[in-house]
Amino acid sequence: MYTIPQLQEAFATYAQQHRFHKAPQELYDPINYILDLGGKHMRPVLALMACNLFTDKVDSSLPVAYGVELFHNFSLMHDDIMDQAPLRRGKPSVHTKYDENTAILSGDAMLIYAYHYISQVPEQYLAKFIKIFNRTAIGVCEGQQMDINFETATEVQIAEYIKMIELKTAVLLQGAMEMAALLGGATEEAAWQIGEFGRCMGIAFQLQDDYLDTYGDPEKFGKRVGGDIIQNKKTFLVLQALKTATPTIQHALNDWMSTRVPVEEEDNKINAVRAIFDRLDIPLAIKKEMDLYKQKAIDALSAIEVDEGRKIMLSAFLNKIMNREH
C-alpha cells in the first residue's frame, strides 16, 4: 500500500514528464499554465487510491489519472469563460491572461488529450473505458447546463440541485475511480462500488463547499465567504430555506437572492441572508445532507470484498475532506 503523499508524488512526477512542450506554443502554453495553478489533484489521487485498493502496481493507472485531470481542467477553462471569471485559484484565469479564443481552443486540445491518455490502457479495457469516460464527460456537460438553467429558473427543487452537483462534480470522481479500480484487477461489481464511493463522496464534498462558502472561516477558506450569496446562487442552503420558511421569510429571501447590490452593501446582504439561514436551522439541515451522502460512501466502500486494511486510507481521506475548512 502507498501513502497519499507517495501517490501525490507519483502523479506529480508523471504530470511533469508529460508537460506540453509542443508547437504552436500559443496553443500549449495556456494548458501548462492552468495545470501549474495547483489545486488539490483530488481526482487523479483518488483514481490512484482506487487502483491501490486492489493492487500495489499503480503505475498502470497513471495515464487514466492524468487524462481525468486534463478533462477536469478543460472544464474549468471553459467554465471560467462562461462565468466570465477573472481568477482561477487566485491567479488570472486563462481567458483573462490570454484571450477567449485561446482559452476555447486550448481547452478543446485538453479534451482531446484527455481521451488520448484514457486510451493508453490494455486493449481489453479500451472499449469499456471509452464508454465510461463518454458517460462521465456527457454528465459533466449536462450538469453545467443545469447550473446555467438554475440562474434564470424561478423555482428549483432540492432533488434537481443534488442531481446537478452529482453531474457537475461527482461523476468525474465516479468514473476515474471505476476505471482505475478495473486496472487494479477489481471485479465489475467492486469497480462499480468504488465508483459509487466516489460519486457519493463528490456530492458530500460539494455540499461541504456550499456550507463553507457561507459559514467558513475567511482566513482558512482562502476566498471571500458569502460569494454564493452575492452571486445569487441557488445552493442547497437557499433551496432548503425556501422550502421550510414561512411566506413572509420566503418573500424576504427571494428579494435578497434576486437582487444585485453595490459592493458597499454586499456585507449587509450576506449578513441578512445568513441570519435567515440561522433562524431556519439551515446549517444543521445541510450537515445532515452531507452526513447522508458520507454514509452512502462508507456503505459502498464496506461492500467491497478486499482486506479491510486496504480500505483504511480511503476512509481516512473521506473523513479528512468532510472535516476540511477550505
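Between the helical axis of 25-35 and the longest alpha-carbon principal axis of the chain there is an angle of about 70 degrees.
How compact is segment 1-139 by the rule of thumb for globular proteins, expressed as Cα Rg over 2.2 N^0.38 Å? Intermediate results must be reported in sequence, preceding the final value.
Numbers: Rg = 15.3 Å, N = 139, 2.2 N^0.38 = 14.3 Å.
Dividing the Cα radius of gyration by 2.2 N^0.38 Å gives 1.07.
Helical runs (DSSP H, four residues minimum) scored at -39500 (n - 2.57) apiece and divided by the length of the chain put the mean residue ellipticity at 222 nm at -23000 deg cm²/dmol. Ranked by the mean number of other Cβ atoms within 10 Å of their residues, highest first, the peptides 186-197, 171-182 fall in the order 171-182, 186-197. Taking a quarter of the surface of the Cα convex hull of segment 132-219 gives a mean projected area of 7.1 nm².
Per q in 0.26 1/Å, what log10 I(q)/I(0) does a Debye calculation on the alpha-carbon atoms of segment 249-326 return? Computed log10 I(q)/I(0) values: -1.18. With one equal scatterer per alpha carbon and no solvent term, the Debye-computed log10 I(q)/I(0) for segment 187-326 at 0.10, 0.14, 0.15 1/Å reads -0.42, -0.71, -0.78. For segment 136-190 versus segment 207-280, the inter-centroid distance based on Cα atoms is 24 Å. As a length-normalised measure over Cα pairs under 8 Å and 6 or more apart, the relative contact order of segment 1-156 settles at 22 percent. Relative contact order, whole percent, for segment 187-326 stands at 42, derived from Cα pairs under 8 Å and 6 or more residues apart. Between the Cα long axis of helix 42-52 and the first principal axis of the chain there is an angle of about 40°, rounded to the nearest 10. Mind checking the angle between helix 4-17 and the chain's longest principal axis? C-alpha axes, 0 to 90 degrees, to the nearest 10. Compared with the principal axis, the helix lies near 70 degrees. The lysine pair count for segment 1-119, using Cα distances under 25 Å and pairs eight or more places apart or on different chains, is 5.
Beyond 19 Å, the tail of the calculated P(r) for segment 1-66 holds 34 percent of the Cα pairs.
Taking Cα atoms of segment 178-244, Rg/Rh with Kirkwood Rh, to two decimals? Each step should come with its number before you reach the end.
Details: Rg = 17.1 Å, Rh = 14.2 Å.
Radius of gyration over Kirkwood radius for segment 178-244 works out to 1.20.
If you run the Gaussian network model on the chain, springs between alpha carbon atoms under 10 Å, then out of Leu37, Leu212, Leu167 the most flexible one is Leu37.
At a Förster radius of 25 Å, what calculated FRET efficiency corresponds to the Cβ-Cβ distance of Arg89 and Leu27, to the nearest 0.05? Show your work: numbers first, answer last.
Details: r = 21 Å, r/R0 = 0.86.
The computed FRET efficiency comes out at 0.70.
The slack between Glu189 and Leu284, meaning 0.36 nm per residue of separation minus the straight C-alpha distance, is 30.7 nm.
For Arg88, the residues 5 or more places off, or on other chains, whose built amide H falls under 5 Å of its own are Ser93.
Over all distinct Cα pairs, what is the inverse of the mean 1/r for the chain, reported as the Kirkwood hydrodynamic radius in Å?
On the way: mean 1/r = 0.0481 Å⁻¹.
Result for the chain stands at 20.8 Å.
Rounded to the nearest 0.05, what FRET efficiency is calculated for Ile138 and Gln8 with R0 set to 30 Å and r the Cβ-Cβ distance? That pair, Ile138 with Gln8, gives E of 0.55.
None of the figures in this text is laboratory data; all of them are computed from the coordinates on show. Note that the structure is a prediction, hence the values are computed from the model and not measured. In this analysis, Cβ positions are derived from the backbone assuming ideal geometry, glycine residues included, and neighbour counts consider all displayed protein chains.
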